[in-house]
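FYI, it's all coordinate maths here, none of it is from the lab. Owing to the predicted nature of the structure, the values given are computational and were not obtained by experimental measurement. Heads up, the Cβs are rebuilt from the backbone with ideal geometry, glycines too, and the neighbour counts pull from every protein chain shown.
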Amino acid sequence: MPTRLMLLDTASLYFRAFYGLPDTIVRSDGTPVNAVRGLLDMIARLTTDYGATHLIACWDDAWRPQWRVDLIPTYKSHRVAEEIAGDTDVEVVPDALEAQIPLIRHVLGLAGIAVVGAAEHEADDVVGTYASHADVPVDVVTGDRDLFQVVDDARQVRVIYTAKGMRNLEEVTDAVVVGKYRVLPEQYADYATLRGDASDGLPGVAGIGEKTAASLLLEYGTLESLLAAAADGGSGLSNSVRAKLAAAADYLMVAPTVVKIVRDLELPSPAEAGARLRPVAGGPRAELERLGLEWNLGGSVKRLLAALDLTG
């Protein structure tokens, strides 16, 4: 089987699993296990359908890194609950999901699935680093369009986009990004900076929407070149666009650092992380089968084990 690395935006997937299955699915002590079930089924299907030989569950060690918030205070601000004890901002994660995250980590460990995070960085940055340095074909599984910036046909990096559900997965390539947004994947971060993104708390440049952002990048190539044209009184840039960019100057100084995915983290190599998928044997297999019964995981554990058996 040809080598193929799959990178999971893990939180994106377990949130989707949690909201896609009823939280009345519980284990004997009443703890919901719908996210655990759903995630295991997703992994079983994805690895089988896309022929993954290596898999890394990329983890949010910091889902809202302080260095990004310091640059743009509104970054993901709608996803936090303020005035918690100690006046600390925390992500709004339903208690029924919060209780399942340790279970997810435990099951992934028993299954031999590599889990990798990086201090003060999001899973997107872990994905970006692995995708940018892999020397094999890569499938990035996510419901987050920010990761479209890592798509690269020449290097065989694509996104398996889950936004429309697991029954309507979309394989995002260079052509798909261009068709959706009229920009290349390598321009997507600049496009998102100009357009803004309410889902991430990015205000964008007032008066510049999707069409204008795409047109400007088509003409100037990069945000840096666009800003250079804005500073050049002799360029052909309209006074209207100049004024909009000038009004957003403070934002434009910091936004690219926030929006662009980090690609140079010091991470274990896929081999060092244990990314190679293998059948689960011995004690770990027996423990997974036991937990499948104890935790009311239905056939999810069996389907995961069957999928991993195929990798041997």
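Within a Cβ distance under 9 Å of Glu210, other residues only, what is the Lys/Arg minus Asp/Glu net charge?
After counting each charged neighbour, the total is +3.
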What is the gain in length, in nm to one decimal, between Asp29 and Ala119 on full extension, counting 0.36 nm per residue of separation less the C-alpha to C-alpha distance?
29.1 nm
Taking the highest mean first, how do the peptides 279-285, 140-146, 103-109 order by number of other beta carbon atoms within 10 angstrom per residue?
140-146, 103-109, 279-285
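About the Cα centre, and with charges only on the beta carbon of Lys, Arg (+1) and Asp, Glu (-1), how big is the dipole of the range 231-292? Nearest 20 debye, please.
About 220 debye.
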How do Leu7, Leu267, Leu71, Leu216 line up, fewest other C-beta atoms within 10 Å first?
Leu71, Leu267, Leu216, Leu7
Quick one: if you stick a label point 7 Å off each Cα along the C-beta vector at Ala99 and Met253, how many nm between them?
4.8
Which whole-number percentage describes the relative contact order of the chain, with Cα contacts under 8 Å and a sequence gap of 6 or more?
24
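Can you give the FRET efficiency to the nearest 0.05 for Arg167 and Arg242, using r as the Cβ-Cβ distance and R₀ = 35 Å?
Rounded to the nearest 0.05, the efficiency is 0.15.
Please work out how much length the chain gains when fully extended from Arg155 to Ala228, using 0.36 nm per residue of separation minus the C-alpha to C-alpha distance, in nm with one decimal. Could you put the intermediate results ahead of the total?
Details: separation 73, 0.36 × 73 = 26.28 nm, distance 3.02 nm.
That works out to 23.3 nm of additional length.
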When the dipole is taken about the Cα centre of the chain, and only Lys, Arg (+1) and Asp, Glu (-1) are charged at their Cβ, what size is it in debye, to the nearest 20?
1020
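Cross-chain or 8 or more residues apart, Cα under 23 Å: how many lysine pairs in the chain fit that? Count them up, please. Kindly include the intermediate steps, with their values, before the conclusion.
Numbers: Lys76/Lys164; Lys76/Lys260; Lys164/Lys180; Lys180/Lys211; Lys180/Lys260; Lys211/Lys244; Lys211/Lys260; Lys244/Lys260.
Step by step, the pairs that qualify in the chain add up to 8.
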Choice from Val26, Val301, Val126 with maximal GNM fluctuation in the chain (Cα, 10 Å cutoff)
Val26
Assuming R0 = 22 Å, can you tell me the calculated FRET efficiency for the pair Ala175 and Thr212, based on Cβ-Cβ distance, to the nearest 0.05?
0.45
Rounded to 10°, Cα long-axis angle of helix 282-294 versus longest principal axis of the chain
90
